[in-house]
């Protein structure tokens, strides 16, 4: 009782009503069954005729049996109301259910994103190889301002390597690699114009 | 935790059915010319046990609700986590569709129709 908070009047009266209904229904079931068992006792001396007494006992048992069934039905309704009240007002369990659901949803989302990220990484590796193959063939039409992925990585590697010196030197070296005949000698297959083999044949 | 209490209330419903069943069996046995005393005793003891269980369990549930209920509506929600998860699933589905298209394109290129 010391731990009981000051509930709103509606909630408190509702819970008191539940208590009252419980007590009344249990009391009704017990009393009516007791009376049925008492009435079932055969008495030799009756105030009215035996037939009348039998008829009265029969009717009384019917009514009491109906009372027992009504009390049982009322108990089922009480249980249903308690379930509803529990679902709506049992905050600890509601909080726990919400946190559990959030945790499950977040873990599913993280797993999904992790798999997508690994898929992206795998496809990026394959794409790198495919681009390298494609842009080194004679079928590519490369715009000078549009670098393929492999070339961009190559330039980034040359800038980042310590042997390349400063950025301007390595960039200049990178630029030299792309134009002039030097590139054809060092990497004859790598051509940016799509005319590699033809140019090599045409040159004297 | 919530499921345990709800399961306990469902068990109470079964006990109420048992109460009515036992009461009916007792009255049925009393209606016979010769009563089976042992059967009556068993039914009566089961009836008493069920009544006590129902009363105890429902009283404890009402007492727990008296301590826990605040009278305020609960404002918690799983909407944000559910939305994020739904978006992740949409991303995965989109990736699957695009990869499927890419696969079909590659098949068409590699195996052209005669």
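Structural remarks
- Helix-only arithmetic for chain B: the sum of -39500 (n - 2.57) across DSSP H runs with n ≥ 4, divided by the residue total, places the mean residue ellipticity at 222 nm at -29500 deg cm²/dmol.
- Principal-axis tilt of helix B:2-30 within chain B, Cα atoms, nearest 10 degrees: 40 degrees
- Here the calculated FRET efficiency for residue A:44 and residue B:21, from their Cβ-Cβ distance with R0 = 30 Å, stands at 0.35, rounded to the nearest 0.05.
- Order of A:55, B:29 - criterion: other Cβ atoms within 10 Å of each residue's Cβ, fewest first: A:55, B:29
- Efficiency of FRET between residue B:105 and residue A:122 - r from beta-carbon atoms, R0 22 angstrom, step 0.05: 0.75
- Shape call, segment B:1-102: gyration tensor on alpha carbons, a/c limit 1.5: oblate
- Summary of the geometry: segment B:43-114 and segment A:8-46, compared by the centres of their Cα atoms, lie 41 Å apart.
- Principal-axis tilt of helix B:37-68 within chain B, Cα atoms, nearest 10 degrees: 50 degrees
- Distance (nanometres) between label positions extended 7 Å along Cα→Cβ at residue B:56 and residue A:110: 4.3 nm
- Remark: mean inter-chain Cβ contacts per residue of A:33-45 equal 2, using a 10 Å Cβ-Cβ cutoff to other protein chain atoms.
No value in this document is a laboratory result; all are computed from the given coordinates. Here the structure is a predicted model, which is why all the values come from computation and not from measurement. With ideal geometry, Cβ positions are generated from the backbone for all residues, glycine too; neighbour counts draw on all protein chains shown.
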